Amino acid sequence: MKFADFHAGQVIEAGPYVLTEAELVQFARAYDPQWFHTDAEAAADSPFGGLIASGWHTCSIAMKLVVGAALAGSESFASPGLEHVRWPNPVRPGDALRLVADVIEVRRSEKRPTLGILRWRWRLFNQRELMVLDAEVTSLFKLKPAD
C-alpha cells in the first residue's frame, strides 16, 4: 500500500501465521535465551506450563504480517518507535496468529512535508481469539513534495 492508501479508521488484517516449536526455540536461542523460551522440560514446570515465545519474537511476527499486508512496495522507510507494547497472553508453539492493525492517524509532517507519519495500533490474536500483542506503532514514509 502507498501512504495515500491509508486513512484513519481503516482496519487491515493479515494471517494466520502458525508458529512452530522449532522456530520459537531457534529465535529464543539466538535473541532471548531464557529457559522458559528454550528448554521445554524446564518450561513445563514454569507458571506458563510449557514453552512460550519471546515477546520480541511476537513483535517480529507482527512486523512480518504488517509488511506483507501493508508496507511492501510502500514509501515506508523507518519507525521512530512505539508508544507502548504489551503481551497480555503468551504465544505457544502451534499458535495461529492473526493481525488486526487499526489506523489511528495519517498526516504529513508540518516541518518536513516530504515526511508522512502513520500511527497505528497492531494487535495479534491467537486461534482462541486471545490477544497476544498490543502495540501502538509509528511508521514513517518518504513522500514527494505536496502540490
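Tabulated data
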{"read-out": "Per-residue [θ]222 nm for the chain (sum of -39500 (n - 2.57) over DSSP H runs n ≥ 4, rounded to 500)", "value": "-5500 deg cm²/dmol"}
{"read-out": "Nearest-0.05 FRET efficiency for residue 78 and residue 44, computed from C-beta distance (R0 35 Å)", "value": "0.30"}
{"read-out": "Length-normalised contact order of the range 1-65 in % [C-alpha pairs under 8 Å, at least 6 apart]", "value": "27"}
{"read-out": "Helix axis angle, 21-31 relative to the chain longest principal axis, alpha carbon, degrees", "value": "70"}
{"read-out": "Part-to-part distance (alpha-carbon centres) for the range 1-66 and the range 85-126, which is given in Å", "value": "14"}
{"read-out": "The chain - Kirkwood radius from inverse mean 1/r over Cα pairs (Å)", "value": "16.3"}
{"read-out": "Positive-end extreme of charge dipole, the range 19-147 - chosen from 145, 133, 94 (charges on Cβ)", "value": "145"}
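Bear in mind these aren't lab numbers, they're just calculated from the coordinates by the rules spelled out. Because the structure is predicted, anything quoted here is derived from the model rather than measured. Reconstructed Cβ throughout: ideal geometry from the backbone, glycine too, with neighbour counts over all protein chains shown.
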